[in-house]
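All remarks here apply to the structure that follows.
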Amino acid sequence: TIRPHAKIIWGMNVLPSIGMEGIGMFRRILPIHFPSIPEGERDPKLKEAILRSPMAVANWALAGLRALQSEGMTVPPELALARDSYRESNDLTLNFINENCERDPEKSVKTTTLYSKYRSWSTHSGFRARTIQEFRADLDRLGFQNILPHNVSYWKGLGLIDDSELDSDVILDG
């Protein structure tokens with residue numbers, strides 16, 4: 001039987017933003033950076049050389065196909081690292097935490113305060129803020145624990161870096 005499949009190649013100067021709702025995309029995408037060749041190192045006759053030797057290019061492609069068929073598709077570590085870096089750069093909740101919070105097992109921050117700071121950060125950064133339910137799910141995914149002392153929701157292990165504008169009872173130590 002024939003199993004349909006496709007590989008899509010995008011060419012672009014800047015990688016697109018993919019929200020976390022497109023997280024499945026990161027299982028399928030491999031960003032490959034092609035650095036520009038300095039003017040002095042460019043071969044101005046390369047195009048003519050390729051056109052004069054089309055069979056050399058075809059043989060090179062067939063050798064690659066044979067290697068793919070025998071070895072399978074292996075992702076080089078450099079591409080896996082590029083993909084992971086791309087995924088992290090698109091994780092807005094993680095970026096917010098890295099820029100505005102400190103990870104400290106002795107600290108906790110009130111959910112409403114954290115979410116308010118996140119919404120403000122999102123607006124100032126030009127992003128659409130996720131809903132509070134999505135934000136809470138992101139915090140769970142990132143390994144933070146939600147606690148409910150006195151029926152008030154806090155996130156354990158996080159403290160806001162700049163809490164100067166907050167009430168003293170918002171951040172709990174210990």
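Quick query: amide H of LEU160 versus all other amide H atoms, modeled in the peptide plane; which residues come in under 5 Å with a sequence gap of 5 or more or a different chain?
Residues meeting the criterion, in which the H sits 1.01 Å from N, are GLU102.
Checking the a/c ratio against 1.5 first, then a/b against b/c, what shape does the Cα gyration tensor give for region 107-150?
prolate
Can you give the helix-only mean residue ellipticity at 222 nm for the chain, where every DSSP H stretch with n ≥ 4 adds -39500 (n - 2.57) and the sum goes over all residues, rounded to the nearest 500 deg cm²/dmol? Present the calculation step by step, with values, prior to reporting the outcome.
Values: 6 runs with 72 residues, N = 174.
Helices in the chain give a 222 nm mean residue ellipticity of -13000 deg cm²/dmol.
For region 1-67, state which trypsin sites (Lys or Arg not before Pro) are in a DSSP loop and have at most 14 other beta carbons lying within 10 Å of their beta carbon.
Here the trypsin sites (Lys or Arg not before Pro) that fit, given the DSSP loop and packing criteria, are LYS7, ARG28, ARG42, LYS45.
Just to confirm, what accessible area per residue do you get for the chain at 1.4 Å probe, in whole Å²?
On a per-residue basis, 75 Å².
Please report, as a whole percent, how much of the solvent-accessible surface of the chain comes from carbon and sulfur atoms (probe radius 1.4 Å).
Values: 7340 of 13040 Å².
Carbon and sulfur: 56 percent of the exposed surface of the chain.
Taking 0.36 nm per residue of separation and subtracting the Cα-Cα distance, what length does fully extending ALA56 through ALA80 add?
5.6 nm
Would you mind telling me which residue in VAL109, VAL57, VAL152 has the biggest mean-square fluctuation in a Gaussian network model of the chain, where springs connect alpha carbons within a distance under 10 angstrom?
VAL57
Relative to the longest principal axis of the C-alpha atoms of the chain, give the angle of the C-alpha long axis of helix 54-71, reported between 0 and 90° and rounded to the nearest 10°.
50 degrees
What relative contact order, as a whole-number percentage, does region 1-107 give when Cα pairs under 8 Å and 6 or more residues apart are counted?
Computed over region 1-107, the figure is 48 percent.
Taking the chain as a Gaussian network, where each spring joins two C-alpha atoms under 10 Å apart, which residue of THR131, THR111, THR93 fluctuates the most?
Maximum fluctuation in the GNM of the chain, among the listed residues, is at THR131.
Of (i) 19.5; (ii) 15.9; (iii) 17.1, which is the value of mean projected area of the Cα convex hull in nm² derived from the coordinates here?
Read-out from the structure maps to (iii).
With a cut-off of at most 15 other beta carbons within 10 Å, and DSSP calling the residue loop, which chymotrypsin sites (Phe, Trp or Tyr not before Pro) in region 1-67 qualify? Please list them.
Those that pass, being in a loop and sparsely packed, are TRP10.
Would you work out if region 33-94 is rounded, prolate or oblate? Take a ≥ b ≥ c from the square roots of the eigenvalues of the alpha-carbon gyration tensor; rounded if a/c is under 1.5, else prolate when a/b is larger than b/c, oblate otherwise.
Oblate, since a/c reaches 1.5 and b/c is not below a/b.
Round to the nearest 0.05 the FRET efficiency obtained for MET25 and SER125 when R0 = 25 Å and r is the Cβ-Cβ distance.
The pair MET25/SER125 has a calculated efficiency of 0.75.
Can you tell me the FRET efficiency between LEU94 and HIS33 if r is taken as the Cβ-Cβ distance and R0 is 22 Å, rounded to the nearest 0.05?
Efficiency for this residue pair is about 0.50.
The values are calculated or read from the model by the stated rules, or taken from the named source; none is laboratory data. A quick note: this is a predicted structure, and the numbers were derived from the prediction, not measured. Backbone-built Cβ (ideal geometry, glycine too); neighbour counts: all protein chains shown. Protein only, heavy atoms only, side chains kept; ligands, DNA and RNA dropped before computing areas. Shrake-Rupley method; radii C 1.70, N 1.55, O 1.52, S 1.80 Å.
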